[in-house]
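**Student:** The structure's right below; bear with me while I get my questions together.
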Amino acid sequence: MGRTKFSDKEIKEIAKLLRLKNAGNRAKQKLVRHDLRVGYEFNISDFNEPGKAFGEAELADAINRGAIQILDEATIENLKAKRARDKARDQADQQQETVATDQTTDWKEAMKEWEEWENNSQQHQDATPNSD
């Protein structure tokens, strides 16, 4: 789920991107949807009916029904900062949990073991007399 609170400036930029999306070919639409998700954390699927196109009219409908809220720039910046802190905290927690449950692979150690096995296999082959 993406954001549901945007500034007036962001809504205008999202509306512009939706116009580009609806006017573009499939590849352009895909790029615009990516820009909406990454740049604004705006997921069309959070607001539209499946199978229906989502454009400026649908954006306005989502605002009118309260699915999207328009807030001032300062509030939005604070919300973005909090979201970034929460995301960083969640990633750090996930990393700590992974280390604590030993679900990581020490690639240096694994490579060392592989090289030892490979060397032992090569030595074994060299020591085996050839039956030619």
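**Student:** Is it possible to state the helix-based mean residue ellipticity at 222 nm for the chain, with each DSSP H run of 4+ residues giving -39500 (n - 2.57), the sum divided by total residues, to the nearest 500 deg cm²/dmol? What is it?
**Tutor:** Details: 5 runs with 89 residues, N = 132.
Helix contribution divided over all residues of the chain: -23000 deg cm²/dmol.
**Student:** With the Cα gyration tensor of the chain in hand, convert its eigenvalues to equivalent ellipsoid semi-axes via √(5λ) and list them largest first in whole Å.
**Tutor:** Working: eigenvalues 570, 100, 26 Å².
Taking √(5λ) for each eigenvalue gives 53, 22, 11 Å, largest first.
**Student:** Treating each Cα of the stretch 14-56 as an identical point scatterer and ignoring solvent, apply the Debye formula and state log10 I(q)/I(0) at q = 0.14 Å⁻¹.
**Tutor:** -0.26
**Student:** Moving to a separate point now. Give me the one-decimal nm value for the distance between modelled label points at TRP117 and ALA92, 7 Å along each residue's Cα-to-Cβ direction.
**Tutor:** Distance between the two pseudo-spin positions: 3.7 nm.
**Student:** What ranking of ASP72, ASP126 emerges when the number of other C-beta atoms within 10 Å of each C-beta is taken as an exposure proxy, fewest first? Present the calculation step by step, with values, prior to reporting the outcome.
**Tutor:** Details: ASP72 10, ASP126 7.
In order of increasing Cβ crowding within 10 Å: ASP126, ASP72.
**Student:** Running a GNM on the chain with Cα contacts under 10 Å, which residue among ALA110, ALA62, ALA15 ends up with the highest mean-square fluctuation?
**Tutor:** Among ALA110, ALA62, ALA15, the largest mean-square fluctuation in the Gaussian network model of the chain belongs to ALA110.
**Student:** Student exercise: in the chain, how many lysine pairs 8 or more apart or on different chains have Cα atoms under 20 Å apart?
**Tutor:** Taking the chain as the scope, the lysine pair count is 18.
Taken together, the values in this text are just the output of simple stated rules run on the coordinates, not laboratory data. It should be emphasised that the depicted structure is a prediction, and the values quoted were computed from it without experimental measurement. All Cβ positions, glycine included, derive from the backbone under ideal geometry; neighbour counts span all protein chains shown.
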